[in-house]
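Comments concern the structure below.
The values are calculated or read from the model by the stated rules, or taken from the named source; none is laboratory data. Given the structure is predicted, the values throughout are model-derived calculations rather than measurements. Counting neighbours? That spans all protein chains shown, and the Cβs are built from the backbone with ideal geometry, glycine included. Please note that ligands, DNA and RNA were not included when accessible areas were found on the heavy atoms of the full protein model with its side chains. Shrake-Rupley method; radii C 1.70, N 1.55, O 1.52, S 1.80 Å.
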Amino acid sequence: MELKKPAFIMFDYGQTLVREFGYDGAAGFDRLLKYASANPLGVTGADLQAEEDKLNAELGRFNPATRNSRLTETPEESVNRFLFAKCRVEFPPDLDLRSLEPEFWEAANPYEACDGIGALLAFLRKEKIRTCVVSNLSFCGETLRKRIYHAIPEADFEFVISSCDYLFRK
């Protein structure tokens, strides 16, 4: 069998392009609370994370027993909007919650490029092999793109897609 050069390679995000270390949702919420215009109940990042854990259990999000059977992705922006309303946390009306996704993710989940990925992407570019990213993720595609390009500045993907932007998981 003759091997042919691929015309296009699709990458996943996590642990393929970028390695993430631990997850501390409370730290992410603490970062977002700095932008709040009102927090009458004095909720903390830990309080918000506890509420999200309850919601995730009810929705079956991130449950290893059901994760692969879920066909849809709930955008983090929608989850956060619900949690903030429930806990009476308000933000300035001109502040788009989606714009805070990178802030949350940065604080909640340290990351770095996977070993050798920059060299691989440079090789693929040299060989004129097109690349893209499609990932099951609750953060929007623009947030994902920014994170990838921050970790791998030399990346040059034709497009970056997050499942939450299209509702369905791959």
Residues of the range 1-20 being more than 21 Å from SER99 (Cβ to Cβ), surrounded by 18 or more Cβ atoms within 10 Å (Cβ to Cβ) and among the aromatic types (Phe, Trp, Tyr), which ones? PHE11
Filter result (outside any helix (DSSP H, G or I) and either within 19 Å of GLU20 (Cα to Cα) or without any contact (Cβ under 8 Å) to a residue 40 or more places away in the chain (or both)) within the range 115-128: ASP115, GLY116, LYS128
Any idea which of THR143, THR131 is touching a residue at least 12 places away in the same chain (Cβ under 8 Å) and not in a helix (DSSP H, G or I)? THR131
From the set of residues in the range 153-170 that are out of contact with any helix residue (DSSP H, G or I) (no Cβ under 6 Å at 6 or more places or on another chain) and under 20 Å from ASN109 (Cβ atoms), which is surrounded by the fewest Cβ atoms within 10 Å (Cβ to Cβ)? PRO153
Which residue pairs have Cβ atoms under 7 Å apart, sit 6 or more places apart or on different chains, and have a first residue in the range 156-167 that is farther than 20 Å from PHE123 by Cβ and a second that is open to solvent by 20 Å² or more (accessible area, probe 1.4 Å) and in a strand (DSSP E or B)? ILE161/VAL134; LEU167/THR72
Quick one: in the range 21-36, of everything that is modelled with pLDDT of 95 or more and out of contact with any helix residue (DSSP H, G or I) (no Cβ under 6 Å at 6 or more places or on another chain), which residue is surrounded by the most Cβ atoms within 10 Å (Cβ to Cβ)? LEU33
Say whether the condition of being under 29 Å from ALA155 (Cβ atoms) and open to solvent by 30 Å² or more (accessible area, probe 1.4 Å) is met by at least one residue in the range 37-60. no
May I ask you to list the residues in the range 84-114 that are surrounded by fewer than 19 Cβ atoms within 10 Å (Cβ to Cβ), among the hydrophobic types (A, V, I, L, M, F, W, C) and in a helix (DSSP H, G or I)? ALA85, LEU97
Residue list for the range 14-65, filter: farther than 21 Å from GLU106 by Cβ, of a type in the set (Gly, Ala, Ser) and either free of Cβ contacts under 8 Å to residues at least 24 places away in the same chain or assigned to a loop (DSSP other than H, G, I, E, B) (or both): SER37, GLY42, ALA50, ALA57, GLY60, ALA65
